[in-house]
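Trainee: Dropping the structure in here first, questions after.
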Amino acid sequence: QSQMTAAQRTPLEETARMLGANVQSGNASAVQAQTISAVASQFNGIAGSIQAINADIHGAAMTVDEIYLLDATDMKAAGDAQFFCGVSGSPLTVVVTIPGLPPGKYALAILHATGVKQPQQISMVLQNDPTGNQSWKLAGFFTKPMTLVGHDGIWYWRQARDYAAKHDAWAAYFYYQTALSLQIGRAHV
């Protein structure tokens, strides 16, 4: 995202914020109206996810934390696409794999709904409208809690380190795995 120009980043952020606001208000029909037709025609799963997290994110602070521009225009046909997004001057690389992706321009926007009892991560795959009007539409939607039993990934990481120091490898392993699961997609670069 640090390598995107403002002209590339701004429309993606605006689309992600607008979709995030509609998700937060529970307005699934407004989200569906901004969804590509192939996904909008089978929208029940996304609508169910929106309704399921609505109570958890009501009143949350919604932030767009990461945006990745994914260019698959050179693909010949739909297939498994893998994108490597690096940070300039850093060994950090984010790998995004999307199976069955048709050729086109995409973006991954990761939003965080925080400041509430059950903070959530909302990830959206956006597709640049191939009809030429240069708008971005929802092409994929995923939610994930940012806590488990009231604790975030950092808490689980600390517990894992304590178990590792006590040579309790099994407990350390499970706490590390839980920490990893809660922290994926939360890297701030």
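The values are calculated or read from the model by the stated rules, or taken from the named source; none is laboratory data. What you are looking at is a predicted structure, and each value in this text was computed from that prediction instead of being measured. Positions of Cβ are backbone-derived with ideal geometry, glycine not excepted, and every protein chain shown enters the neighbour counts. To get the accessible areas, we keep the full protein, side chains included, count just its heavy atoms, and leave off ligands, DNA and RNA. Shrake-Rupley method; radii C 1.70, N 1.55, O 1.52, S 1.80 Å.
Trainee: Indicate the gyration tensor shape class of the range 12-59 (rounded, prolate or oblate), computed on the Cα atoms with a ≥ b ≥ c the square roots of the eigenvalues: a/c under 1.5 is rounded; otherwise a/b larger than b/c is prolate and the rest oblate.
Mentor: Details: a/c = 2.56, a/b = 1.20, b/c = 2.14.
Taking the square roots of the gyration eigenvalues as a ≥ b ≥ c, the range 12-59 is oblate.
Trainee: Positive end of the dipole of the chain, charges at C-beta (+1 Lys, Arg; -1 Asp, Glu), about the Cα centre: which of L92, A61, N44 has its Cα farthest in that direction?
Mentor: Positive-end residue among those listed: A61.
Trainee: Based on the alpha-carbon gyration tensor of the range 1-86 and its eigenvalue square roots a ≥ b ≥ c, which shape applies: rounded if a/c is under 1.5, prolate if not and a/b is larger than b/c, or oblate?
Mentor: Details: a/c = 2.25, a/b = 1.35, b/c = 1.67.
In terms of gyration-tensor shape, oblate.
Trainee: Rounded to whole Å, give me the distance from the Cα center of the range 56-105 to that of the range 150-169.
Mentor: Between the Cα centres of the range 56-105 and the range 150-169 lies a distance of 30 Å.
Trainee: At 1.4 Å probe radius, can you tell me the per residue accessible area of the range 13-157 in Å²?
Mentor: Dividing the accessible area of the range 13-157 by its residue count gives 50 Å².
Trainee: If you don't mind, there's one more thing I want to ask. At 15 angstrom or more along the helix axis (alpha-carbon based) and mean Kyte-Doolittle of 0.0 or higher, what helices does the chain contain? Whole DSSP H runs only. Walk me through the intermediate numbers first.
Mentor: Working: long enough: 6-24 (26 Å, -0.47); 44-57 (19 Å, 0.56); 153-165 (18 Å, -0.84); 169-183 (21 Å, 0.29).
Once both thresholds are applied, what remains is 44-57, 169-183.
Trainee: Would you pull out the residues with amide H under 5 Å of L101's amide H, same chain only if 5 or more places away, H placed 1.01 Å from N?
Mentor: Under 5 Å from the amide H of L101 lie the amide H atoms of G79, D80, A81, each far enough along the sequence or on another chain.
Trainee: Run the helix sum for the chain: -39,500 (n - 2.57) per DSSP H stretch of 4+ residues, divided by residue count, reported at 222 nm to the nearest 500 deg cm²/dmol. Mind showing how you got there, number by number?
Mentor: Values: 6 runs with 71 residues, N = 189.
When only DSSP H runs of four or more count, the value is -11500 deg cm²/dmol.
Trainee: Among rounded, prolate and oblate, which fits the range 65-124 when a ≥ b ≥ c are the square roots of the eigenvalues of its C-alpha gyration tensor, a/c under 1.5 means rounded, and a/b larger than b/c means prolate?
Mentor: Numbers: a/c = 2.94, a/b = 1.60, b/c = 1.85.
Taking the square roots of the gyration eigenvalues as a ≥ b ≥ c, the range 65-124 is oblate.
Trainee: Say a paramagnetic label sat at a point 7 Å from the Cα of F174, along Cα to Cβ; which residues of the range 137-167 have their backbone N under 11 Å from it?
Mentor: none
Trainee: Once amide H atoms are built 1.01 Å from N in the peptide plane, which residues 5 or more positions from M146, or in another chain, come under 5 Å H to H?
Mentor: Those qualifying (amide H under 5 Å, at least 5 residues apart or on another chain) are Q120, Q121.
Trainee: What residues qualify as long-range amide H neighbours of E66, i.e. H under 5 Å apart, gap of 5 or more or another chain, H built at 1.01 Å from N?
Mentor: I110
Trainee: Same structure again: Which option, (1) 144; (2) 130; (3) 195, is the value of volume of the Cα convex hull per residue in Å³ that was calculated from these coordinates?
Mentor: Structure-derived value, by its label: (1).
Trainee: Karplus couplings for the range 105-110 from phi (6.51 cos²θ - 1.76 cosθ + 1.60, θ = phi - 60°), rounded to Hz, Gly and Pro as x?
Mentor: Using θ = phi - 60°, the values come out as 9, 10, 8, 10, 10, 10 Hz.
Trainee: Still on this model: When the dipole is taken about the Cα centre of the chain, and only Lys, Arg (+1) and Asp, Glu (-1) are charged at their Cβ, what size is it in debye, to the nearest 20?
Mentor: Values: 11 positive and 12 negative charges, 39 e Å.
Result for the chain is approximately 180 debye, rounded to the nearest 20.
Trainee: If I compute solvent accessible area with a 1.4 Å probe over the protein chains, what percent of it on the range 1-82 is carbon and sulfur? Don't jump to the answer; show the numbers that get you there.
Mentor: Values: 2120 of 4390 Å².
About 48 percent, which is the carbon plus sulfur part of the accessible surface.
Trainee: Give me the lysines in straight-line cross-link reach of K105: C-alpha distance below 30 Å, same-chain residues under 8 apart excluded.
Mentor: K76, K137, K144
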